[in-house]
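Asks: Have a look at the structure that comes next, please.
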Amino acid sequence: MTTHIAALGLCKSYRKGKIEVPVLHGVDMEASRGELVAVIGASGSGKSTMLHLLGLLDQPDGGRVELDGRRIDDRPDRERDLMRNRTFGFIFQFYHLLPELTALENVMMPHLIRSGLFAYIKERKAIRRDAEEMLERVGLGHRLTHQPSELSGGEMQRAAIARALVGRPEVLLADEPTGNLDAATGQGVLELLRDLNRERGLTMILVTHDQQIANQADRVVRLAEGRIEEWVPALV
Ligand code: ADP
Ligand code: MG
């Protein structure tokens, strides 16, 4: 299998006043096309930092990010914006849905951001149909006009997944997507992600602190002391 997305020697520190706080000291990891890789690690170990660097939400101090063997983290802003909107899809622990919009409007939003207002108005019907299809795919066809406050946690995460799929991403980056859900609901969300991974050949990097969830990935890696190590899940 060929490498799809890779981090090579990624370094990142945060500055707290005058003090540099190092978080990542040379992170090497990769995912093959269509692979689902789980990332585990203690709270504060830098999992979110790594995911943000992979998805071009932030820039490393050292090292690089490659997509299909081509460096992408140093591309011009415009190109990185495009990749954030098209190559990558993001899912977060707390969903990040806009509370005043319906589920359907939330899922239509990336189109608006991507196309600009005029194209959006012109294409509104097709965009709406696309968003409806995505919501149906994640099992929310009956919740189109509900606002986030009228949805359960699992439903909010499904809406966020539908939104992440709108740009037809190749790589889905999920930061503790089940972290705010009870075990059964979290398992349902994981199964949805697994199905999407298989049916669309989506490469997925899934951060989780839940060993049960991690065990269902194709491969598990652990972030510790600023580096990545392969991890063999306990067979229990
Ligand atoms: P994890 O996702 O594994 O819990 P994070 O990547 O969120 O870890 O954070 C790693 C470390 O970096 C933590 O010590 C955190 O406090 C620090 N950190 C994260 N983001 C920032 C930031 N924007 N400014 C300063 N420190 C940060
Ligand atoms: Mg985190």
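Asks: Under 7 Å between Cβ atoms, which residue pairs at least 6 apart in sequence (or on different chains) link something in segment 206-220 that is open to solvent by less than 20 Å² (accessible area, probe 1.4 Å) with a partner that is away from ligand 2 (no atom under 16 Å from the Cβ) and in a loop (DSSP other than H, G, I, E, B)?
Replies: Close Cβ pairs (under 7 Å, with a partner that is away from ligand 2 (no atom under 16 Å from the Cβ) and in a loop (DSSP other than H, G, I, E, B)) amount to L206/A217; A214/P233; V220/P233.
Asks: Can you report the number of residues in segment 10-34 which are more than 10 Å from ligand 1 (Cβ to nearest atom) and under 21 Å from the mean Cα position of the chain (by Cα)?
Replies: The qualifying residues number 10.
Asks: Looking at segment 101-128, which of its residues are within 14 Å of G167 (Cα to Cα) and among the basic types (K, R)?
Replies: Across segment 101-128, the qualifying residues are R114, R128.
Asks: Still on this model: If G34 meets every condition in (1) closer than 30 Å to H111 by Cβ; (2) outside any loop (DSSP other than H, G, I, E, B); (3) touching a Gly at 6+ places or on another chain (Cβ under 7 Å); (4) more than 16 Å from ligand 2 (Cβ to nearest atom) apart from one, which number is that one?
Replies: Only one criterion in (1) closer than 30 Å to H111 by Cβ; (2) outside any loop (DSSP other than H, G, I, E, B); (3) touching a Gly at 6+ places or on another chain (Cβ under 7 Å); (4) more than 16 Å from ligand 2 (Cβ to nearest atom) is unmet by G34, namely (2).
Asks: Ok, one more. M1 versus (1) modelled with pLDDT under 95; (2) closer than 12 Å to V65 by Cβ: which is the lone unmet condition?
Replies: If we test M1 against (1) modelled with pLDDT under 95; (2) closer than 12 Å to V65 by Cβ, just (2) comes out false.
Asks: Give the residue that is surrounded by the most Cβ atoms within 10 Å (Cβ to Cβ), with candidates limited to residues of segment 87-97 that are on the phi < 0 side of the Ramachandran plot and in contact with a Pro (Cβ under 8 Å, 6 or more places away or on another chain).
Replies: G89
Asks: Does at least one position in segment 105-122 carry a residue that is within 21 Å of the chain's Cα centre (by Cα) and part of a loop (DSSP other than H, G, I, E, B)?
Replies: Among the residues of segment 105-122, not one is within 21 Å of the chain's Cα centre (by Cα) and part of a loop (DSSP other than H, G, I, E, B), which makes the answer no.
Asks: Sort out for me the strands (runs of 3 or more DSSP E) sitting completely within segment 183-236 that have 2 or more residues that are out of contact with any helix residue (DSSP H, G or I) (no Cβ under 8 Å at 6 or more places or on another chain) and not aromatic (F, W, Y).
Replies: 219-224, 227-231
Asks: Same structure, new question: What's the number of the only condition in (1) without any contact (Cβ under 8 Å) to a residue 60 or more places away in the chain; (2) more than 16 Å from ligand 2 (Cβ to nearest atom) that L193 fails to meet?
Replies: (1)
Asks: How many residues are in contact (Cβ under 8 Å) with a residue 40 or more places away in the chain, open to solvent by less than 10 Å² (accessible area, probe 1.4 Å) and under 19 Å from I72 (Cα atoms) if we restrict to segment 22-57?
Replies: 8
The values are calculated or read from the model by the stated rules, or taken from the named source; none is laboratory data. Remember, predicted model here, so these are calculated numbers, not experimental data. Cβ: placed from backbone, ideal geometry, glycine included. Neighbour counts: every protein chain shown. In case anyone asks, the SASA skips ligands and DNA or RNA and just uses the protein heavy atoms, side chains included. Shrake-Rupley method; radii C 1.70, N 1.55, O 1.52, S 1.80 Å.
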